[in-house]
Amino acid sequence: AAFSLNAVAECDSTNTQLMRQAEAGAPSATVIVADRQSAGRGRRERVWLSSPLHSLTFSLLWRFAAGSSAPEALSLAVGLGLQRALAAAGATAAVKWPNDILCRGRKLAGVLIEVQPGDIKSAIIGIGINLRLPPDMPAAIADNAIALDEVLPQSPTRERLLAVLLSELAATLHRYQSEGFAGLRDEWQARHVFQGSNVRIMGGGEDIEGICSGVTDRGELLIKTEKGTQRVITGDVSLRPT
Ligand code: ATP
Ligand code: BTN
């Protein structure tokens, strides 16, 4: 795929910048990568912290071909692409529903997908990967975070990592476009950190507890509970081990 790569020294959030370019008609596969983000975001207005040059923070605009699947399970597909690219770089990681990449139980990378209101055929795919943890990261976050420098004897350069990632992501997105998430589901489940384990879903009203038995073709999480199997959609919920 032909990417149109924009590297900036600093911005608030690469997702915000790319959203603006998308609204102005930027083509699919436009990428913004920033050395430093002053207001990196996670889901639900949480912060994404990174220190300049020691993390890879970028966003990719993807416009889906007419008739292809809508972005409902996109964050899972992207997580799989990310996991595969990291494996190719020598780092074994797992996916965690719906949007995290974990290594040794801690968060190595995160995915934030946003769509323009009124245009569900285009997605802004934001990815942050820790190369080295920020020295001033609050302990509460650092305790659950990990960086590539802890995992690999030698971290790849940001350029190299970005190149591997973009090619793996493009391959995964093309598969997602043609086969839907159904074609990626088994592979995703095989890499899910909680597949077959006891988990709890919190934040969506009453907690749901049970065994994580997989995901649906639409990316919903399946939990086998005493009352039968329940489907959980991505939203304001958190998945935790029990
Ligand atoms: P949940 O499990 O509830 O979905 P989450 O851990 O996936 O939560 P997000 O909603 O994805 O959290 O929000 C991002 C979270 O990641 C922030 O709340 C923060 O604790 C954490 N975080 C911020 N920066 C980093 C980083 N560089 N590396 C790892 N974790 C980070
Ligand atoms: C999460 O774990 O909740 C998602 C974190 C996503 C962070 C990336 S860094 C590049 C892009 N720009 C942002 O502001 N967020 C994403």
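The values are calculated or read from the model by the stated rules, or taken from the named source; none is laboratory data. Note that this is a predicted model, so its numbers are computed, not measured. As a convention, Cβ positions derive from the backbone with ideal geometry for all residues, glycine included, and neighbour counts pool all protein chains shown. Remember, those area values only see protein heavy atoms, side chains included, never the ligands or the DNA or RNA. Shrake-Rupley method; radii C 1.70, N 1.55, O 1.52, S 1.80 Å.
All of (1) assigned by TED's automatic domain parsing to the domain that holds residue 91; (2) free of Cβ contacts under 8 Å to residues at least 60 places away in the same chain; (3) surrounded by fewer than 16 Cβ atoms within 10 Å (Cβ to Cβ) hold for residue 141 with one exception: (2).
Do you know which of the residues in the stretch 58-103 that are open to solvent by less than 10 Å² (accessible area, probe 1.4 Å), among the β-branched types (Val, Ile, Thr) and not in a helix (DSSP H, G or I) is nearest to ligand 1 (Cβ to nearest atom)? Restricting to residues being open to solvent by less than 10 Å² (accessible area, probe 1.4 Å), among the β-branched types (Val, Ile, Thr) and not in a helix (DSSP H, G or I), the top hit is 101. Residues that are among the polar types (S, T, N, Q), within 16 Å of ligand 1 (Cβ to nearest atom) and open to solvent by less than 60 Å² (accessible area, probe 1.4 Å) are absent from the stretch 206-224 altogether. The number of residues in the stretch 62-90 that are within 16 Å of the chain's Cα centre (by Cα) and of a type outside the set (Ser, Thr, Tyr) comes to 17.
Just need a number here: residues in the stretch 4-13 that are surrounded by 17 or more Cβ atoms within 10 Å (Cβ to Cβ) and more than 21 Å from residue 47 (Cβ to Cβ).
1
Scanning the stretch 118-133 for residues that are within 8 Å of ligand 1 (Cβ to nearest atom) and open to solvent by less than 10 Å² (accessible area, probe 1.4 Å) yields 128, 130.
Residue-by-condition table, conditions (1) free of Cβ contacts under 8 Å to residues at least 60 places away in the same chain; (2) in contact with a Pro (Cβ under 7 Å, 6 or more places away or on another chain):
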| residue | (1), (2) |
| --- | --- |
| 16 | yes, no |
| 28 | no, no |
| 35 | yes, yes |
| 38 | yes, no |
| 45 | yes, no |
| 53 | no, no |
| 57 | no, no |
| 101 | yes, no |
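Within the span defined as the stretch 14-25, every residue fails to be in a loop (DSSP other than H, G, I, E, B) and either touching a helix residue (DSSP H, G or I) at 6+ places or on another chain (Cβ under 6 Å) or buried (at least 18 other Cβ atoms within 10 Å of the Cβ) (or both). The set of residues from the stretch 201-230 being under 24 Å from residue 181 (Cα atoms), of a type in the set (D, E, K, R) and in a strand (DSSP E or B) comprises just one member, 224. If you filter the stretch 26-57 down to residues that are outside any loop (DSSP other than H, G, I, E, B) and at positive phi, you find that the one that is most open to solvent (accessible area, probe 1.4 Å) is 45. Filtering the stretch 176-198 to residues that are touching a residue at least 60 places away in the same chain (Cβ under 8 Å) and either under 16 Å from residue 79 (Cβ atoms) or open to solvent by less than 50 Å² (accessible area, probe 1.4 Å) (or both) leaves 176, 177, 180, 181, 184, 187, 188, 191, 192, 193, 194.
Quick check: anything in the stretch 149-169 under 14 Å from the mean Cα position of the chain (by Cα), part of a strand (DSSP E or B), acidic (Asp, Glu) and crowded, with 20+ Cβ neighbours inside 10 Å? Within the stretch 149-169, not a single residue is under 14 Å from the mean Cα position of the chain (by Cα), part of a strand (DSSP E or B), acidic (Asp, Glu) and crowded, with 20+ Cβ neighbours inside 10 Å.
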